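A quick write-up on the structure given underneath.
None of the figures in this text is laboratory data; all of them are computed from the coordinates on show. Every value quoted in this text rests on a predicted model; they were computed, and no experiment measured them. Cβ placement follows ideal geometry from the backbone for every residue including glycine, while neighbour counts extend to all protein chains displayed.
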Amino acid sequence: MSGRRARSAAILLVGCGKMGSALLSGWMRKRVGGPFHVVEPSPTHRLRGAHYYATPDRLPRALKPAAVVFAVKPQTFDAVVPPYRRFAESGAAMLSIAAGKTLGTMARFLGTDAALVRAMPNTPAAIGRGMTVACAGPAVSKAARALCGKLLAAVGEIAWIDDEALLDPVTAVSGSGPAYVFWFIECLAAAGEAEGLAPELAHRLAIATVAGAGELARIAEHSPAQLREAVTSPGGTTRAALEVLMAKNGFDRLIRDAIAAATRRSRELAQ
């Protein structure tokens with residue numbers, strides 16, 4: 001082996017909005033792959049070290065990326081993807097994070113023999129604390145799967161599933177989940193204000209409480225149920241609140257209905 005540093009595999013990112021930018025930042029920070037080529041008509045900002053192009057026809061003719069990552073909205077997916085089929089035919093792993101767009105849809109545009117991977121990350125990827133679930137198509141090699149795994153793990157945790165249909169509830173739980181948590185923070189702060197707390201203090205208490213409880217749940221040896229029971233004294237204030245939240249048509253029912261609605265919408269996006 002020569003003493004020269006091995007050249008990293010090129011990564012082509014299609015779409016560089018909030019999630020695309022989060023992924024690119026993670027790859028550069030963790031030094032996963034490279035050089036990086038980005039196709040984005042209107043980038044809000046450019047990361048130093050990446051090469052930007054307005055349209056795919058402006059990409060270098062000699063470019064043979066190890067992976068092409070589609071970070072585009074599902075509504076634009078069908079129109080955006082077809083020009084990249086040549087990279088699939090040259091052996092690149094094709095990774096999509098477009099909600100609802102199935103491996104079958106990808107195959108229609110990129111070829112049935114393409115190395116296709118579908119994944120669903122979430123917005124905490126922006127701070128390296130994302131959660132991504134991925135599903136690989138039958139033509140994905142161990143090397144391609146490993147590369148996609150590294151690209152996704154650069155922004156947080158990753159889990160693989162074999163049943164693609166499960167990506168719909170995954171989208172509902174973790175893909176959309178941060179929005180539910182943000183809404184809960186808003187509601188918690190507003191409830192504090194209603195009981196007399198100053199808005200700034202109520203806001204601070206809500207954010208710190210949710211962030212702290214989430215971190216405790218992440219690192220604790222006990223289950224969330226056990227953690228809940230540990231702070232719920234008989235006849236205490238927590239018990240009084242939980243009796244409302246855990247009523248027959250309380251918080252559990254609302255969350256189930258919300259996840260069911262989001263799951264249905266994810267399936268509709270595949271149509």
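Side notes on the structure shown:
- Within segment 22-85: Cβ-based charge dipole about Cα centre, in debye rounded to nearest 20 (Lys, Arg +1; Asp, Glu -1): 320
- Under a model in which nothing but the beta-carbon of Lys, Arg (+1) and Asp, Glu (-1) is charged, segment 177-269 shows a dipole of about 400 debye around its Cα centre.
- Under 12 Å from the Ser141 label point (7 Å along Cα→beta-carbon), backbone N, segment 162-180: none
- Note on segment 127-178: Rg/Rh from Cα positions, Kirkwood definition for Rh, rounded to two decimals, is 0.98.
- Each of Met28, Met94, Met19 has some number of other Cβ atoms within 10 Å of its Cβ, and from fewest to most they run Met28, Met19, Met94.
- Residues listed by number, segment 151-182, amide nitrogen under 16 Å from Thr209 label point at 7 Å toward C-beta: 181-182
- Radius, Kirkwood style, for segment 11-167 when every pair of distinct Cα atoms is counted (Å): 15.2
- Rounded to the nearest 0.05, the FRET efficiency derived from the C-beta distance between Ala179 and Arg61 at R0 = 41 Å is 0.50.
- Cβ crowding within 10 Å, taken as a proxy for footprinting-reagent exposure, orders Ile219, Ile158, Ile97 from fewest neighbours to most as Ile219, Ile158, Ile97.
- Summing Lys and Arg as +1 and Asp and Glu as -1 over all other residues whose Cβ lies under 13 Å from the Cβ of Leu23 gives a net charge of +3.
- P(r) tail fraction, segment 177-269 - alpha-carbon pairs more than 20 Å apart, %: 51
- Each DSSP beta bridge with both residues in segment 56-167 is either parallel or antiparallel, and the antiparallel ones are about 25%.
- Placing a pseudo-label 7 Å from each Cα along the Cα-to-Cβ vector at Asp162 and Gln226 gives an inter-label distance of 3.0 nm.
- Rounded Å value of the spacing that divides the Cα centres of segment 169-187 and segment 193-219: 16
- At 0.692 mPa s and 37 °C, Stokes diffusion of the chain via Kirkwood alpha-carbon radius, µm² per second: 158
- Helix axis angle, 142-153 relative to the chain longest principal axis, alpha carbon, degrees: 50
- DSSP bridge analysis restricted to the chain gives an antiparallel fraction near 15%, rounded to the nearest 5.
- Between the Cα long axis of helix 199-219 and the first principal axis of the chain there is an angle of about 70°, rounded to the nearest 10.
- Gain in span if fully extended, Phe251 to Ala217, counting 0.36 nm per residue against the direct Cα distance: 10.3 nm
- Pairs of lysine residues in the chain - Cα separation under 25 Å, sequence separation of 8 or more or cross-chain: 16
- Helical contribution to [θ] at 222 nm, DSSP H n ≥ 4, -39,500 (n - 2.57), averaged over the chain, rounded to 500: -14000 deg cm²/dmol
- Neighbours of Pro82, meaning other residues whose beta-carbon lies under 15 angstrom from its beta-carbon, give a summed charge of +1 when Lys and Arg score +1 and Asp and Glu score -1.
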